[in-house]
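A.B. asks: I have a structure here, written as structure tokens, and I will follow up with some questions on it.
Nothing in this text is a laboratory measurement; each read-out follows from the coordinates by a stated rule. Remember, it's a predicted structure, so these values are computed and weren't measured experimentally. Heads up, the Cβs are rebuilt from the backbone with ideal geometry, glycines too, and the neighbour counts pull from every protein chain shown.
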Amino acid sequence: MAKGPNNPWEIAQEQFNNAVAYLDLDPGLIEFMRLPQRELSVNFPVRMDDGSLKMVSGYRVQHNTVRGPAKGGIRYHQDVSIDEVRALAMWMTWKCALVNIPYGGAKGGVIIDPRTLSQDEIENLTRRFTSEIAIIIGPDSDIPAPDMGTNPQVMAWLMDTYSMHAGYTVNAVVTGKPVEIGGSLGRNDATGVGVMFSARQAMQKLGMDAESCRVVVQGFGNVGSVSAREMAALGCKVIAVSDVYGGLYNANGLDVRDLIRHVRETGKVIDYPGGEEISNDDLLTLDCEILIPAALENQITDKNADEVKATLIVEGANGPTTPAADRILQEKGVTVVPDILANAGGVTVSYFEWVQGLQSFFWSEAEIFERLERIMTNAFNDCWAMKEKKGVDMRTAASILAVQRVAEAANLRGFYP
Ligand code: GLU
């Protein structure tokens, strides 16, 4: 990935610098918290359906482990780069600290477009990638989960491969597994439901009532579709959604549940009959109250931030807003609920899954969402209080809280040797 203003790793560090400026920390400790602790880079062969071998590259980065085992998803996407994985790993460190679950941060990525592979090829790739990173992952050391381009089935193959190496079933090596093999109820919907919990808190603070809110969602995968469904259930009007193929707009509101059914059947939102087509670019600047970017990084930039009409942005994706865009939005008075807060519901229920797996004792769905709601609401309120106290935006407030917690843990543990 090119150096420059939209390099995620540079962006993650800029956000870190913004937070650190409000904290009185030892310069050595700041550098310790900035740099990834461990980076594994692998190149490995995958047997394709036609018998050929394809070489594939991937990464696992453990950013920081002072608060506990490293935690974070694995992404399959053609644009994965080491800098993107570093940024995503650093964001996981702050995300876990912010919702106060006992994990450090990690991320993995494989440079592949999974849409170009058959199911067998994805299984081969997953099993070999798991073997390659098995030297650093484990239920006590580094616990992967789904991210863009991966899903519960991929997690099942990962768990099985790791277990075959160990000689017995190691449930807690990965989260986001199917419920039938030790997954948690609610994990699939957790990120989207968490996005709604944070949006709801923000709406309450800003005096926005659901019935008069029009919502636009970019991305209609696991995060975007559930966020849209939950915002509609709250009483908001979801007027536009999109996926990689394009967007769909209906000023009177889309029937989100029916659209989810349609996407499950056809794989695309655009050919749904209940709306008109709109480009992903136009979607971001639509007239609405709430914008939920739930796709890739760098969607709201200095090029379009000025055109954004929403008064509230809730980041379902990781890194959708660049620092330059943040400054423009802050000046315009737009409230941004940052990724490390807004999308923390996923890793929070991952934590529940890990705890349940280790104890072989499983909770009801009601218990899971009740605990998730409590954690998300408390984290939101802590960030809001910090924002008021320091007079900063929500991202800086969230980062201050998270970095402070990691710094405290690091100081308590001391620096080996
Ligand atoms: N990939 C998700 C994230 O970015 C979930 C990570 C996890 O559950 O460990 O937060």
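A.B. asks: Identify all residues within the range 109-118 that are part of a helix (DSSP H, G or I) and touching a residue at least 24 places away in the same chain (Cβ under 8 Å); write none if there are none. Please lay out each step first, then the result.
C.D. replies: The first filter runs over the range 109-118 and keeps only residues part of a helix (DSSP H, G or I), leaving 114-116.
The answer is P114, and nothing else.
A.B. asks: If you go through the range 149-164 one residue at a time, do you hit one that is over 24 Å from D79 (Cα atoms) and either among the charged types (D, E, K, R) or within 12 Å of the ligand (Cβ to nearest atom) (or both)?
C.D. replies: yes
A.B. asks: Would you pick out the residues in the range 47-71 that are over 19 Å from S131 (Cβ atoms) and either surrounded by fewer than 16 Cβ atoms within 10 Å (Cβ to Cβ) or touching a helix residue (DSSP H, G or I) at 6+ places or on another chain (Cβ under 7 Å) (or both)?
C.D. replies: Of everything in the range 47-71, those that are over 19 Å from S131 (Cβ atoms) and either surrounded by fewer than 16 Cβ atoms within 10 Å (Cβ to Cβ) or touching a helix residue (DSSP H, G or I) at 6+ places or on another chain (Cβ under 7 Å) (or both) turn out to be D49, D50, G51, S52, H63, N64, V66, R67, K71.
A.B. asks: Within the range 161-194, how many residues turn out to be under 23 Å from I122 (Cβ atoms) and without any contact (Cβ under 8 Å) to a residue 24 or more places away in the chain?
C.D. replies: Adding up the residues that qualify gives 6.
A.B. asks: Output the residues belonging to the range 195-208 that are touching a strand residue (DSSP E or B) at 6+ places or on another chain (Cβ under 9 Å), within 12 Å of L372 (Cα to Cα) and touching a residue at least 60 places away in the same chain (Cβ under 8 Å).
C.D. replies: Once the filter is applied, which keeps residues that are touching a strand residue (DSSP E or B) at 6+ places or on another chain (Cβ under 9 Å), within 12 Å of L372 (Cα to Cα) and touching a residue at least 60 places away in the same chain (Cβ under 8 Å), the range 195-208 yields V195, S198.
A.B. asks: Here's a follow-up. Taking the range 55-99, which residues are outside any loop (DSSP other than H, G, I, E, B) and of a type in the set (S, T, Y)?
C.D. replies: Once the filter is applied, which keeps residues that are outside any loop (DSSP other than H, G, I, E, B) and of a type in the set (S, T, Y), the range 55-99 yields S57, Y59, Y76, T93.
A.B. asks: Please determine whether any residue of the range 184-197 is within 18 Å of the chain's Cα centre (by Cα) and more than 14 Å from the ligand (Cβ to nearest atom).
C.D. replies: yes
A.B. asks: Tell me yes or no: at least one residue of the range 178-194 is buried (at least 21 other Cβ atoms within 10 Å of the Cβ), touching a strand residue (DSSP E or B) at 6+ places or on another chain (Cβ under 7 Å) and not small (G, A, S).
C.D. replies: Within the range 178-194 (the criterion being buried (at least 21 other Cβ atoms within 10 Å of the Cβ), touching a strand residue (DSSP E or B) at 6+ places or on another chain (Cβ under 7 Å) and not small (G, A, S)), the answer is no, since none of the residues qualifies.
A.B. asks: Could you please give the count of residues in the range 21-46 that are surrounded by 15 or more Cβ atoms within 10 Å (Cβ to Cβ), among the hydrophobic types (A, V, I, L, M, F, W, C) and farther than 30 Å from I111 by Cα? Lay out the reasoning, then the answer.
C.D. replies: Keep residues of the range 21-46 that are surrounded by 15 or more Cβ atoms within 10 Å (Cβ to Cβ), which gives 22, 25, 29-30, 32-34, 36-40, 42, 44, 46.
Within this subset, residues satisfying the condition of being among the hydrophobic types (A, V, I, L, M, F, W, C) are 25, 29-30, 32-33, 40, 42, 44, 46.
Add one more test, that the residue is farther than 30 Å from I111 by Cα, and what stays is 25, 29-30.
Looking only at that region, the number is 3.
A.B. asks: Residues in the range 248-299 that are under 22 Å from the mean Cα position of the chain (by Cα), over 23 Å from S212 (Cβ atoms) and of a type in the set (V, I, T): how many?
C.D. replies: Selection size over the range 248-299: 3.
A.B. asks: Can you find a residue in the range 364-379 that is more than 14 Å from the ligand (Cβ to nearest atom), within 20 Å of W91 (Cβ to Cβ) and outside any helix (DSSP H, G or I)?
C.D. replies: no
A.B. asks: Looking only at residues that are within 16 Å of the ligand (Cβ to nearest atom) and of a type in the set (S, T, N, Q) in the range 165-178, which one is nearest to G346 (Cα to Cα)?
C.D. replies: The extreme case among them is T175.
A.B. asks: Another question, then. Please report, ordered by residue number, the strands (runs of 3 or more DSSP E) entirely within the range 269-334 with at least 1 residues that are surrounded by fewer than 21 Cβ atoms within 10 Å (Cβ to Cβ).
C.D. replies: 276-278
A.B. asks: If we keep just the residues of the range 75-85 that are touching a residue at least 60 places away in the same chain (Cβ under 8 Å) and crowded, with 24+ Cβ neighbours inside 10 Å, which is nearest to the ligand (Cβ to nearest atom)?
C.D. replies: My answer is R75.
A.B. asks: Then there's this: Could you list, in sequence order, the residues of the range 97-119 that are in contact with a strand residue (DSSP E or B) (Cβ under 6 Å, 6 or more places away or on another chain) and within 12 Å of the ligand (Cβ to nearest atom)?
C.D. replies: Y103, G104, G105, A106, K107, G108, G109
A.B. asks: Somewhere in the range 130-139, is a residue within 14 Å of the ligand (Cβ to nearest atom), aliphatic (A, V, I, L, M) and not in a loop (DSSP other than H, G, I, E, B)? Steps first, answer last, please.
C.D. replies: Initially, the range 130-139 is screened for residues within 14 Å of the ligand (Cβ to nearest atom), giving 137, 139.
Among the residues that remain, those that are also aliphatic (A, V, I, L, M) are: 137.
Subsequent filtering for residues that are not in a loop (DSSP other than H, G, I, E, B) retains none.
Within the range 130-139, not a single residue is within 14 Å of the ligand (Cβ to nearest atom), aliphatic (A, V, I, L, M) and not in a loop (DSSP other than H, G, I, E, B).
Here's the yes/no breakdown for (1) within 19 Å of I239 (Cβ to Cβ); (2) within 16 Å of the ligand (Cβ to nearest atom); (3) aliphatic (A, V, I, L, M):
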residue	(1), (2), (3)
I300	yes, no, yes
K303	no, no, no
I313	yes, no, yes
E331	no, no, no
V336	no, no, yes
